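Colleague: Below is the structure I would like to discuss, written out as structure tokens.
The values are calculated or read from the model by the stated rules, or taken from the named source; none is laboratory data. A quick note: this is a predicted structure, and the numbers were derived from the prediction, not measured. So basically every Cβ, Gly included, is an ideal-geometry build from the backbone, and we count neighbours across all protein chains shown.
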Amino acid sequence: MNSSRIYYGETTINIRELIESNRKGFIRLEYYGIKSTVEEETTQYGIEIVKKEYANKNLIKEKNNVANIAENEEELVEIITTLKRNKVTPIGLEDIVKDLVRDKITD
């Protein structure tokens with residue numbers, strides 16, 4: 001299996017946007033598409049989100065990915081655009097993607 005990771009953009013969450021936080025700093029969310037080719041004929045698309053939290057002079061990284069969620073690159077870009085617009089973090093990635101894919105099937 002051959003796999004590549006493509007950067008599709010980022011968004012920032014200021015700590016002020018997080019009501020429950022007393023810290024100073026910000027969170028950067030980076031969104032990647034993962035393109036995997038299986039047996040030279042089948043292409044699968046997935047998503048990875050990397051969260052970089054800059055607080056109190058420390059960097060905390062967290063990431064999560066979901067494989068095989070789109071049939072083509074256009075569908076992948078549509079999902080990533082929705083994730084970026086709503087500032088989805090790695091912890092919510094799987095649940096949100098399930099909802100997005102389910103909604104698309106029932107439309």
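Colleague: Might you check whether a residue that is in a strand (DSSP E or B), among the polar types (S, T, N, Q) and closer than 18 Å to I91 by Cβ occurs anywhere in segment 56-65?
Modeller: Of all residues in segment 56-65, those in a strand (DSSP E or B) come to 58-65.
Now drop any that are not among the polar types (S, T, N, Q), which leaves 58, 64-65.
Next cut, closer than 18 Å to I91 by Cβ only: 64-65.
Yes, that holds for at least one residue.
Colleague: Moving to a separate point now. Could you list all residues from segment 39-59 that are surrounded by 12 or more Cβ atoms within 10 Å (Cβ to Cβ) and modelled with pLDDT of 80 or more?
Modeller: Here is the first cut: in segment 39-59, the residues surrounded by 12 or more Cβ atoms within 10 Å (Cβ to Cβ) are 43-55.
T43, Q44, Y45, G46, I47, E48, I49, V50, K51, K52, E53, Y54, listed by residue number.
Colleague: Search segment 32-55 for residues being assigned to a strand (DSSP E or B) and acidic (D, E), and hand back the single one that is farthest from G92 (Cα to Cα).
Modeller: Looking only at segment 32-55, we keep the residues that are assigned to a strand (DSSP E or B), and these are 32-38, 42-55.
Within this subset, residues satisfying the condition of being acidic (D, E) are 48, 53.
Details: E48: 12, E53: 16 Å.
Looking at the filtered set, the residue picked out is E53.
Colleague: Got at least one residue in segment 6-15 being in a helix (DSSP H, G or I) and at pLDDT below 90?
Modeller: Filtering segment 6-15 for residues in a helix (DSSP H, G or I) gives 15.
So of that shortlist, the ones also at pLDDT below 90 come out as 15.
Looking for residues that are in a helix (DSSP H, G or I) and at pLDDT below 90, one finds at least one in segment 6-15, hence yes.
Colleague: Looking at segment 56-74, which of its residues are under 14 Å from the mean Cα position of the chain (by Cα) and charged (D, E, K, R)?
Modeller: So in segment 56-74, the residues under 14 Å from the mean Cα position of the chain (by Cα) come out as 61-70.
Of everything in segment 56-74, those that are under 14 Å from the mean Cα position of the chain (by Cα) and charged (D, E, K, R) turn out to be K61, E62, K63.
Colleague: I'm told V77 meets every condition in (1) within 23 Å of S3 (Cα to Cα); (2) of a type in the set (A, V, I, L, M, F, W, C); (3) surrounded by 18 or more Cβ atoms within 10 Å (Cβ to Cβ); (4) touching a residue at least 40 places away in the same chain (Cβ under 8 Å) except one. Can you identify the failing condition by its number?
Modeller: With (1) within 23 Å of S3 (Cα to Cα); (2) of a type in the set (A, V, I, L, M, F, W, C); (3) surrounded by 18 or more Cβ atoms within 10 Å (Cβ to Cβ); (4) touching a residue at least 40 places away in the same chain (Cβ under 8 Å) applied to V77, the lone miss is (3).
Colleague: Could you tell me whether V88 is in contact (Cβ under 8 Å) with a residue 24 or more places away in the chain and in a helix (DSSP H, G or I)? Quick ask: steps written out before the conclusion?
Modeller: Working: in contact (Cβ under 8 Å) with a residue 24 or more places away in the chain: yes; in a helix (DSSP H, G or I): no.
Answer is no for this residue.
Colleague: Looking only at residues that are at pLDDT 95 or above and not charged (D, E, K, R) in segment 16-34, which one is farthest from the chain's Cα centre (by Cα)?
Modeller: I34
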